[in-house]
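Below: the structure, in structure tokens.
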Amino acid sequence: MLQDQPCPVLSNSRRSALPRIWLFTDERNDALLEHAIQRLPRCSGIVFRHYHLQEASRRTRFEAVKKLAQRRGHILFLAGSPALAKRWRANGVHGRLRRRSNMGRLLLSAPVHDAREIQQANRSGTDVFFLSPVFSTRSHPSQHPLNHAQVRRLAALCNGAVVFLGGMDQHRYRARKNHLTHGWAAIDAFS
């Protein structure tokens, strides 16, 4: 059973306040998304993607998720531009940015799969590095998962919180975590 996490207030010492468990949203888990958010331990993180929706529908869905997330103490990142994340009042922005300008107090997360992407994310001042795929995943079935040595080497390159993604659940995280990792993220594990 997953346990609730402490709910620190986010401040400029942002990295210490980051959740250890994250849910990624997309078309695949949309029908059960409210249920998945309820199953998340309190004070978890959510990365709202929902790329399949047009902007107006995406905004409506984001607002519904934000309401539920706030009630559960979760933080919510929006996959998109910093300007859009600020307008929609997300806690952070998820994506690959060249530089961290005009973000205000937004946190930044990035997907990383190799040393080149990690180097770019480091230059951008990324707070959360979603390292993947740690295991085989339905999202990218043709992509080979990283082996233990690759995971450790890549995690050591990250200048921020390393969160495992790709086929993750609580059991798999416990089997793979090390002193370099902050937490884990999933799409299907909470549905």
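Every number in this text was worked out from the coordinates using simple rules, so none of it is lab data. These numbers come from a predicted model, not from an experiment. No Cβ is skipped: glycine too gets one built from the backbone with ideal geometry, and neighbour counts run over all protein chains shown.
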Next on the checklist: Suppose we keep just the alpha-carbon trace of the chain; what are its Rg and Dmax in angstrom?
Outcome noted: 15.4, 44
Item to check | Karplus 3J(HN,Hα) series, Hz, for region 34-50 with 6.51 cos²θ - 1.76 cosθ + 1.60 (x for Gly, Pro) | outcome: 4, 4, 4, 5, 5, 6, 5, x, 3, 6, 8, x, 10, 10, 8, 9, 6
Checklist outcome for this item: Two pseudo-spin positions, 7 Å from Cα along C-beta at ARG42 and at LYS86, lie apart in nanometres by 3.3
Item to check | Only Lys, Arg (+1) and Asp, Glu (-1) charged, at Cβ; region 13-157 dipole about Cα centre in debye | outcome: 540
Next on the checklist: Under a crude label model (7 Å from the Cα following the beta-carbon direction), how far is GLU27 from ASP114 in nanometres?
Outcome noted: 2.6
Checklist outcome for this item: Sorted largest first, the C-alpha extents of region 62-172 along its principal axes in whole angstrom are 39, 30, 23
Checklist entry - Tell me which lysines have Cα within less than 19 Å of LYS86's Cα, excluding those fewer than 8 residues away on the same chain? => result LYS66, LYS67
